[in-house]
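**Student:** Pasting a structure here, questions to come.
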Amino acid sequence: MQAVLNYPKIAVIRPQGYLNATNALEFERDMTTALVQNDISILVVDLAAVESLDSAGLMALLSTHKLALSLERSLRLCAVAPSIRIIFELTQLDSVFEILDSEVELAATELTTLCM
């Protein structure tokens with residue numbers, strides 16, 4: 001009997017610059033498009049190149065997180081700069097989102113999960 005391993009399919013989005021009211025809808029649409037693809041089980045938002053994040057950007061992330069939960073998929077954030085991380089901490093959203101230090105940590109987490 002052969003063992004079948006189901007590796008998670010991961011999509012990565014790397015926004016840049018400012019995530020605010022002027023581009024939050026486009027950002028949310030991009031995340032939603034990636035998340036609803038049939039073979040995607042984890043959407044990673046790499047925030048390394050994001051310089052600022054306002055309430056509209058946070059709402060886009062929250063809306064996509066809610067969609068991910070309804071689809072039984074995962075939304076994870078990585079490479080969050082200290083100046084952006086403080087926003088998540090002040091709003092207590094750091095307890096809502098899984099925030100990884102880097103994509104390397106994501107890969108290690110997934111590998112550990114697969115080997116258990």
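**Student:** Quick query: amide H of Val44 versus all other amide H atoms, modeled in the peptide plane; which residues come in under 5 Å with a sequence gap of 5 or more or a different chain?
**Tutor:** Under 5 Å from the amide H of Val44: Ala11, Val12, Ile13, Arg76.
**Student:** Could I have the simple spin-label model distance between Leu90 and Ala49, label points 7 Å from Cα toward Cβ, reported in nm to one decimal?
**Tutor:** Taking the simple label geometry, Leu90 and Ala49 are separated by 2.6 nm.
**Student:** Need one number: nm distance between label points at Ala21 and Ser63, each 7 Å from Cα along Cα→Cβ, rounded to one decimal.
**Tutor:** 1.5 nm
**Student:** Could you check the spin-label model distance between Leu71 and Glu98? Points 7 Å from the Cα along Cα→Cβ, value in nm.
**Tutor:** 1.6 nm
**Student:** What ³J(HN,Hα) values, in whole Hz, does the Karplus curve 6.51 cos²θ - 1.76 cosθ + 1.60 give for the stretch 78-88 when θ = phi - 60°, with x put for Gly and Pro?
**Tutor:** 9, 6, 7, 5, x, 5, 8, 4, 4, 5, 5
Coordinate-derived values only; no laboratory data. Just so it is clear, the structure is predicted and the values come from calculations on it, not from any experiment. Cβ atoms come from the backbone with ideal geometry, glycine included; neighbour counts cover every protein chain shown.
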